[in-house]
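Undergrad: One structure, as structure tokens, below. Some questions next.
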Amino acid sequence: MIEYDFAVAYESVLRQRQLAIGAADVQNKQIETSEQIIERIQAQRWLSPEQTLITTSCGLNHLSREAAFGKLNTIADASATLRGDRALPNPFCSTSQPAFRSPPLLTHYDLLWQEAVADGMLLA
């Protein structure tokens, strides 16, 4: 995992491996827009979509739950937009916000979403 502003350093050494881009800045408590996340990912023009994983710049434990889940939701929305899944209904929100298609394997973020739904922070 590398922060988005350092990703270019890996351009000549990555080859066929994947790179997790920390596009959501956890040092800033403000929740980015999905457009900001997309801009940070698309700035890495040399990195193919198949090689790109979107994540936070570091852990979320120092953020409020609202900020942490807001950043995760923004990452999910940006990822869905980049994949073309924007038309899918969001399973975690009762509004018509764009959503993401869950990955085939259960990830750390999936577990956080499940916990948030169980705690009543998100609507199932």
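Undergrad: Would you confirm whether any residue within the stretch 109-122 is at pLDDT below 90 and under 12 Å from the mean Cα position of the chain (by Cα)?
TA: Checking the stretch 109-122: at least one residue is at pLDDT below 90 and under 12 Å from the mean Cα position of the chain (by Cα).
Undergrad: Out of the residues in the stretch 63-108 meeting the condition of being modelled with pLDDT of 60 or more and in a loop (DSSP other than H, G, I, E, B), tell me which one is surrounded by the fewest Cβ atoms within 10 Å (Cβ to Cβ).
TA: Filtering first and then ranking leaves GLY84.
Undergrad: Which condition breaks for ALA9 when tested against (1) in contact with a strand residue (DSSP E or B) (Cβ under 9 Å, 6 or more places away or on another chain); (2) crowded, with 18+ Cβ neighbours inside 10 Å; (3) not in a loop (DSSP other than H, G, I, E, B)?
TA: (2) is the only condition that ALA9 fails.
Undergrad: Those residues that are basic (Lys, Arg) and surrounded by 14 or more Cβ atoms within 10 Å (Cβ to Cβ), I need them from the stretch 30-62; list them, please.
TA: ARG40
The values are calculated or read from the model by the stated rules, or taken from the named source; none is laboratory data. All values reported here derive from a predicted model rather than from experimental measurement. When we count neighbours, we look across all protein chains shown, and the Cβ atoms used for this are built from the backbone with ideal geometry, even at glycine.
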